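See below for the structure under consideration.
The values are calculated or read from the model by the stated rules, or taken from the named source; none is laboratory data. Everything numeric here is computed off the predicted structure, so don't read it as measured data. Positions of Cβ are backbone-derived with ideal geometry, glycine not excepted, and every protein chain shown enters the neighbour counts. Calculation scope for accessible area: heavy atoms of the full protein, side chains included, ligands and nucleic acids excluded. Shrake-Rupley method; radii C 1.70, N 1.55, O 1.52, S 1.80 Å.
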Amino acid sequence: MATPAAWAAACDKFRASLALSRVESQKDPENAPYKSKYRARELLQEARALLGPAAEDDEDEEAGAGAAGAEGGPGAEGGRPAEPGPGPGPEPSARAVRLAAVELQLGLNHIDTEELAAGEEHLQKCLRLVRRSRLEPAAVALHLQAQNNLGILWSERDDIETAQTYLESAEALYNQYMKEIGNPPLDPIEHFLAEEEKLTEQERSRKFEKAYTHTLYYLAQVYQHLEMIEKAAQYCHTTLKRQLEYNGYHPVEWAINAATLSQYYINKQCFMESRHCLSAASVIFSQAEQTPTTEDRESEVEQDQQDLHQRKAEIARCWIKYCLNLLQNAQSSLEDNIGELDFDKQFELRARRKREEDEKENIRKKVVLFGTSDVCDAILAMEEKVACVPPLDFREAREVFLVGQNYVFEAKEYFQVDGYITDHIEIVQDHSSLFKVLAFFEEDYERRCKMHKRRIDMLEPLTVDLNPQYYLLISRQLQFELAHTYYEMMDLKVAIANRLEELDSHTIKKINSLAQSAIKYYELFLDSLKDPNKVFPEQLGEDVLRPALVAKFHIARLYGKLITSDGRKELDNMQASLEYYSFLVDYCEKYPEAVRAVETELELSKEMAGLLPAKMERLRAKLSPFT
């Protein structure tokens, strides 16, 4: 047993090592980044020597644990940690927990200096020293933190299953301790503090809960890596909630994690939960924006502001996705078989909403609320700015659209075309998609045309300076979207013209211009699929199969929509239309697996390929007296 003098010296060395690791290491020069860490390690080793060897019982336990494979690592069965046993273990000796606390710090020290094998060895020794007493208040925090860090270590080695085992064992230990004991346990550093320096019950509880929050945080990442997406989201949500409750978070990091979680809820079409996460992200992020700058950080202010600007823009992009998906979800539930608004569905969904809205609000809000009362009130106020139920008419859709558009402007402030071309274009495409889905709710065809014109005005300039050699995929996306937008505008203009008693030259010119613009962009898209010798592929890749065949189909239809009084020109247009329809039919006959991708288009193409030759013959006969 250590003498009082040795014990006092060990305490001094332990506390000095913590100061070196946590404070002085931040000041280490670049050419000696671990200078303080290495000195801290020496002090820990000296403190361990002053404590003396483990007691006989502890030594027996340590040896037995290794033989029994209780704690994982070399010699352990399957490399898996022990599960918590039934009930509290024996009271640990003071020397055992003190040695375990030193081993924990040595393990962390070696991990910090990228010596993982040595770090693992010390963490395993920490576990062995307190294995039997791991449910005692003096030992449980040591055991939990050692398992957390072993979980991280194995995760960094890409052995996710072993990491999962350690972290799940830590979770089980916490749950069992809280169920059977419940008292705030000693923090690992307290074993080297004088009685008057010991933590309060509240401080102990906060530190223990923070360690457990880390367990859940790392488990969320493990489950994400294992593609257990639902479980990962559940643990992420719990982690975020606990971080707010125990005030253990960095506002920017918390906000980004909450915004990221919102995207999972969007994919599950849980819009209330997604809105709550995003509202919380915006509220918590505002805390970082309001943090005053200290004088000693003035040199970092510009970089910090740049980082804040970027993170704010990233949260704005998540809001854009929320608004866009909410609108698209509404469109898919309201459209008929030709893609127009179905008024019967609209009436039915409005009646159903009235019955279900209050019930869903009450059930979901019990599950997803974040934060204390003040934070919660701010989050709920943020939520009131945007709906979480899919809109059913133009007025409701426009409210969601305007929120999404405001976040588009916010995101574009940071992600500008110079320096962030890919991000900028994606944001503009989302803006275009917001207009597209809003147009679905607009009943006036002229106003709908104007919305599509806004899309063209924002997308077309992007294609001018974009080099397809470096941005081929983006170029194709823009070409196809522009073609389809012109196509939709042409269809709308034709529908408007059909209501007129007589077509005027301006309307004819407009329809032809839109059709020709659509053809131009569809052809540019199809040209991008050709090889360097300008030869169109004999067999299309799966990723471009449907877009390419749809482009062929739409070009065929567009040639049929061109209006001309010149019979020869009309015959040429019909011939071009027949060639494109025939391409689709022939391709699907040669590659039957393509049929499923374009069933509707193929059926219409077969019909038109059968009708057009006879129609062309009649036109030729009509024109022959004049030739």
All-but-one check, P185 against (1) in contact with a Phe, Trp or Tyr (Cβ under 7 Å, 6 or more places away or on another chain); (2) part of a helix (DSSP H, G or I); (3) crowded, with 24+ Cβ neighbours inside 10 Å, failing number (2)
Can you spot a residue in region 144-156 that is part of a helix (DSSP H, G or I), more than 23 Å from Y34 (Cα to Cα) and touching a Lys or Arg at 6+ places or on another chain (Cβ under 8 Å)?
no
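Here's the yes/no breakdown for (1) in contact with a Ser or Thr (Cβ under 9 Å, 6 or more places away or on another chain); (2) part of a helix (DSSP H, G or I); (3) closer than 25 Å to N337 by Cα:
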| position | (1), (2), (3) |
| --- | --- |
| K530 | no, no, no |
| P547 | no, yes, yes |
| V550 | no, yes, yes |
| S565 | no, no, no |
| L571 | no, yes, no |
| Y580 | yes, yes, yes |
| V598 | yes, yes, yes |
| G610 | no, yes, yes |
Out of Y521, Y420, Y470, I need the residue that is of a type in the set (S, T, Y) and within 23 Å of Y407 (Cα to Cα). Which one?
Y420
Yes or no: region 265-278 includes at least one residue that is free of Cβ contacts under 8 Å to residues at least 24 places away in the same chain, among the basic types (K, R), assigned to a helix (DSSP H, G or I) and surrounded by fewer than 23 Cβ atoms within 10 Å (Cβ to Cβ).
no
What number of residues within region 15-46 are within 17 Å of E114 (Cα to Cα), open to solvent by less than 80 Å² (accessible area, probe 1.4 Å) and polar (S, T, N, Q)?
3
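Tell me, yes or no, whether region 377-384 has at least one residue that is within 29 Å of E442 (Cβ to Cβ), part of a loop (DSSP other than H, G, I, E, B) and at pLDDT below 95. Working first, answer last.
Within region 377-384, the first condition is being within 29 Å of E442 (Cβ to Cβ), and the residues that meet it are 382-384.
Now narrow it down to the ones that are part of a loop (DSSP other than H, G, I, E, B): 384.
Adding the requirement that they be at pLDDT below 95 leaves 384.
Checked against the condition, which is being within 29 Å of E442 (Cβ to Cβ), part of a loop (DSSP other than H, G, I, E, B) and at pLDDT below 95, region 377-384 yields at least one hit.
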Provide a single number: the residues in region 1-49 that are assigned to a helix (DSSP H, G or I) and either among the β-branched types (V, I, T) or under 37 Å from the mean Cα position of the chain (by Cα) (or both).
8
Check on R620, part of a helix (DSSP H, G or I), touching a residue at least 12 places away in the same chain (Cβ under 8 Å), surrounded by 16 or more Cβ atoms within 10 Å (Cβ to Cβ) and among the basic types (K, R)
no
Criterion first (open to solvent by 20 Å² or more (accessible area, probe 1.4 Å) and either out of contact with any Gly (no Cβ under 9 Å at 6 or more places or on another chain) or at pLDDT below 85 (or both)) does L104 satisfy it?
no
Six or more apart or on different chains, Cβ atoms under 6 Å: show the pairs whose first residue is in region 527-542 and of a type outside the set (D, E) and whose second is open to solvent by 70 Å² or more (accessible area, probe 1.4 Å) and outside any loop (DSSP other than H, G, I, E, B).
none
Is it the case that region 453-468 has a residue that's in contact with a helix residue (DSSP H, G or I) (Cβ under 8 Å, 6 or more places away or on another chain), open to solvent by 60 Å² or more (accessible area, probe 1.4 Å), closer than 26 Å to L526 by Cα and part of a helix (DSSP H, G or I)?
yes
Test Q331 against the stated conditions and say whether it is modelled with pLDDT of 90 or more, surrounded by fewer than 14 Cβ atoms within 10 Å (Cβ to Cβ) and within 26 Å of S432 (Cβ to Cβ).
no
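If I filter region 484-499 for residues that are under 17 Å from S432 (Cβ atoms), among the β-branched types (V, I, T), open to solvent by less than 60 Å² (accessible area, probe 1.4 Å) and at pLDDT 95 or above, do I get at least one hit? Talk me through it step by step, then tell me what you get.
Residues of region 484-499 that are under 17 Å from S432 (Cβ atoms), as a first pass: 484-489, 492.
Those still in the list that are among the β-branched types (V, I, T) too: 485.
Then drop every residue that is not open to solvent by less than 60 Å² (accessible area, probe 1.4 Å), which leaves 485.
After this cut, where a residue has to be at pLDDT 95 or above as well, the list is 485.
Yes, because at least one residue in region 484-499 is under 17 Å from S432 (Cβ atoms), among the β-branched types (V, I, T), open to solvent by less than 60 Å² (accessible area, probe 1.4 Å) and at pLDDT 95 or above.
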Pull up region 285-328, narrow it to residues that are acidic (D, E) and surrounded by 14 or more Cβ atoms within 10 Å (Cβ to Cβ), then point me to the one that is modelled with the highest pLDDT.
E314
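Of all residues in region 269-291, which are of a type in the set (F, W, Y) and farther than 19 Å from L327 by Cβ?
Keep residues of region 269-291 that are of a type in the set (F, W, Y), which gives 271, 285.
The answer is F285, and nothing else.
Taking E426 as the residue in question, decide whether it is more than 24 Å from V550 (Cα to Cα), within 29 Å of the chain's Cα centre (by Cα) and either at pLDDT 95 or above or open to solvent by 60 Å² or more (accessible area, probe 1.4 Å) (or both).
Numbers: more than 24 Å from V550 (Cα to Cα): no; within 29 Å of the chain's Cα centre (by Cα): yes; either at pLDDT 95 or above or open to solvent by 60 Å² or more (accessible area, probe 1.4 Å) (or both): yes.
The answer is no for E426.
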Just the residues that are open to solvent by 70 Å² or more (accessible area, probe 1.4 Å) and free of Cβ contacts under 8 Å to residues at least 60 places away in the same chain, please, taken from region 210-227.
K210, Q224, E227
Considering region 431-450 alone, what residues qualify as being under 30 Å from the mean Cα position of the chain (by Cα), over 15 Å from D393 (Cα atoms) and open to solvent by 20 Å² or more (accessible area, probe 1.4 Å)?
S433
Residue hits (region 236-251; part of a helix (DSSP H, G or I) and open to solvent by 50 Å² or more (accessible area, probe 1.4 Å)) are T238, K241, E245
Taking only pairs six or more apart or across chains, which ones have beta-carbon atoms under 6 Å, a first residue in region 307-322 that is under 17 Å from Y265 (Cα atoms), and a second residue that is among the acidic types (D, E) and open to solvent by less than 50 Å² (accessible area, probe 1.4 Å)?
I320/D430
Of the residues in region 593-613 that are within 37 Å of the chain's Cα centre (by Cα) and surrounded by fewer than 20 Cβ atoms within 10 Å (Cβ to Cβ), the one that is farthest from A515 (Cα to Cα) is E593
Do we have E190 as at pLDDT 95 or above and either open to solvent by less than 40 Å² (accessible area, probe 1.4 Å) or assigned to a helix (DSSP H, G or I) (or both) here?
no
